Amino acid sequence: MSREFSFTQADYDRVAAHLFRIAGIHLGATRKEMVYSRLSREVRRLRLDGVGAYLDYLDKAGQHEWTRFTNVLTTNLTSFFREQHHFGILAEKVLPRAGRPARIWSCGCASGEEPYSIAMVCDETIGGASGAFSILATDVNTTMLQEAEAGVFEKERVENVSPARLHRYFFDGSGAFAGKVKVKPVIRQPIDFRMLNLMHPNWGIESAGQFDAIFCRNVMIYFNKETQYQILQRFAPLLRQPYGLLFAGHSEAFFNAKDLFTPMGATTYRVTPGAV
């Protein structure tokens with residue numbers, strides 16, 4: 001395959017090692033073209049001759065460039081009410097039993113569609129009175145977090161949102177914002193957006209039993225089984241018992257961690273009795 005920039009297997013191995021060190025993300029053999037496509041933009045920006053030269057540059061660069069490297073490789077697709085069944089379970093099984101305020105963690109929130117979807121369901125189920133619920137929304141990608149915090153979306157990105165919800169929870173843009181919508185304060189104010197790296201030894205949210213639900217969907221697929229288990233060990237004590245639930249992505253299964261989490265169907269898990 002002809003490429004604009006040099007990109008060897010050794011370069012790919014270096015990229016994979018750096019990304020695992022920084023974010024715990026395991027790059028399989030099938031991700032090579034994705035990595036080249038994304039890093040070639042950085043190579044071009046810096047006017048270098050290849051990915052190897054870019055990695056050499058990173059070794060001498062400051063934290064800003066390493067943050068860019070992480071952001072470029074961790075941008076993920078998301079959508080409002082993705083995996084719709086989870087939001088029904090949240091409304092029917094979790095929120096009626098939740099403490100007050102109900103507290104939910106959206107882990108790997110990307111550009112914000114997931115936490116805003118959660119906020120809409122919370123408002124509809126338990127009401128939007130001040131303090132009725134709070135949502136922690138975290139991601140390792142600071143670029144995505146800035147987009148999420150702004151709460152401004154192109155109209156095609158809210159196609160999965162019903163007309164009633166659009167009217168209730170979004171402002172319709174005009175002028176310079178024509179063709180866009182912006183979330184209203186009722187679902188923006190309860191959300192705390194925060195940069196968080198799951199590989200960091202201190203998440204700053206270690207209080208036991210503080211979450212009624214943790215959404216960690218399509219995040220664990222990037223970790224190897226050992227790293228997954230270590231993260232699940234840290235998730236388990238954070239969920240309120242006995243009803244707190246962990247929501248995973250449709251392609252994720254934690255059969256290697258049955259001592260920590262028991263599957264409840266529909267990629268939903270509860271803490272295994274005796275695990276904490």
Task: Options Thr267, Thr262; residue that is crowded, with 17+ Cβ neighbours inside 10 Å and farther than 28 Å from Val35 by Cα - done: Thr267
- [ ] Might you check whether a residue that is in contact with a helix residue (DSSP H, G or I) (Cβ under 8 Å, 6 or more places away or on another chain), at pLDDT 95 or above, more than 20 Å from Val271 (Cβ to Cβ) and of a type outside the set (A, V, I, L, M, F, W, C) occurs anywhere in the range 100-109?
- [x] no
Task: Of all residues in the range 248-276 being small (Gly, Ala, Ser) and outside any loop (DSSP other than H, G, I, E, B), the one that is modelled with the lowest pLDDT - done: Gly265
Open item on the list: Residues that are among the hydroxyl-bearing types (Ser, Thr, Tyr): list the helices (runs of 4 or more DSSP H) wholly contained in the range 134-247 that include at least 2 such residues.
Closed with: 142-150, 225-235
Task: Lone qualifier among Thr78, Thr67 - being closer than 17 Å to Gly151 by Cα and open to solvent by 40 Å² or more (accessible area, probe 1.4 Å) - done: Thr78
Open item on the list: Need pairs with beta-carbon distance below 6 Å; first residue in contact (Cβ under 8 Å) with a residue 12 or more places away in the chain and within the range 162-189, second part of a strand (DSSP E or B) and exposed (fewer than 13 other Cβ atoms within 10 Å of the Cβ); sequence gap 6+ or separate chains.
Closed with: Lys180/Glu154
Task: Scan of the range 20-61 for residues that are part of a helix (DSSP H, G or I), in contact with a Ser or Thr (Cβ under 9 Å, 6 or more places away or on another chain) and open to solvent by 50 Å² or more (accessible area, probe 1.4 Å), ordered by number - done: Phe20, Arg38
Task: Residue count for the range 166-208, restricted to those that are open to solvent by 20 Å² or more (accessible area, probe 1.4 Å) and either basic (Lys, Arg) or out of contact with any helix residue (DSSP H, G or I) (no Cβ under 7 Å at 6 or more places or on another chain) (or both) - done: 24
Task: Top-ranked residue of the range 81-91 - restricted to ones that are in a helix (DSSP H, G or I) and in contact with a helix residue (DSSP H, G or I) (Cβ under 7 Å, 6 or more places away or on another chain), ranked as surrounded by the fewest Cβ atoms within 10 Å (Cβ to Cβ) - done: Ala91
TODO: Could you tell me which numbered condition Pro96 fails, if it satisfies all but one of (1) at pLDDT 90 or above; (2) open to solvent by less than 30 Å² (accessible area, probe 1.4 Å); (3) part of a helix (DSSP H, G or I)?
DONE: (2)
- [ ] May I ask you to list pairs of residues, at least six apart or on different chains, whose Cβ atoms are under 7 Å apart, with the first in the range 72-88 being farther than 14 Å from Phe215 by Cβ and the second being modelled with pLDDT of 85 or more and in a loop (DSSP other than H, G, I, E, B)?
- [x] Thr74/Val140; Thr74/Asn141; Thr75/Asn141
Open item on the list: Name the residue that is nearest to Lys184 (Cα to Cα), counting only residues in the range 99-129 that are touching an Asp or Glu at 6+ places or on another chain (Cβ under 9 Å) and either part of a loop (DSSP other than H, G, I, E, B) or open to solvent by 10 Å² or more (accessible area, probe 1.4 Å) (or both).
Closed with: Gly112
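The values are calculated or read from the model by the stated rules, or taken from the named source; none is laboratory data. This one's a predicted model, so the numbers in the text were calculated from it and none came from an experiment. Here Cβ is always computed from backbone atoms with ideal geometry, including for glycine, and neighbour counts include all displayed protein chains. To get the accessible areas, we keep the full protein, side chains included, count just its heavy atoms, and leave off ligands, DNA and RNA. Shrake-Rupley method; radii C 1.70, N 1.55, O 1.52, S 1.80 Å.
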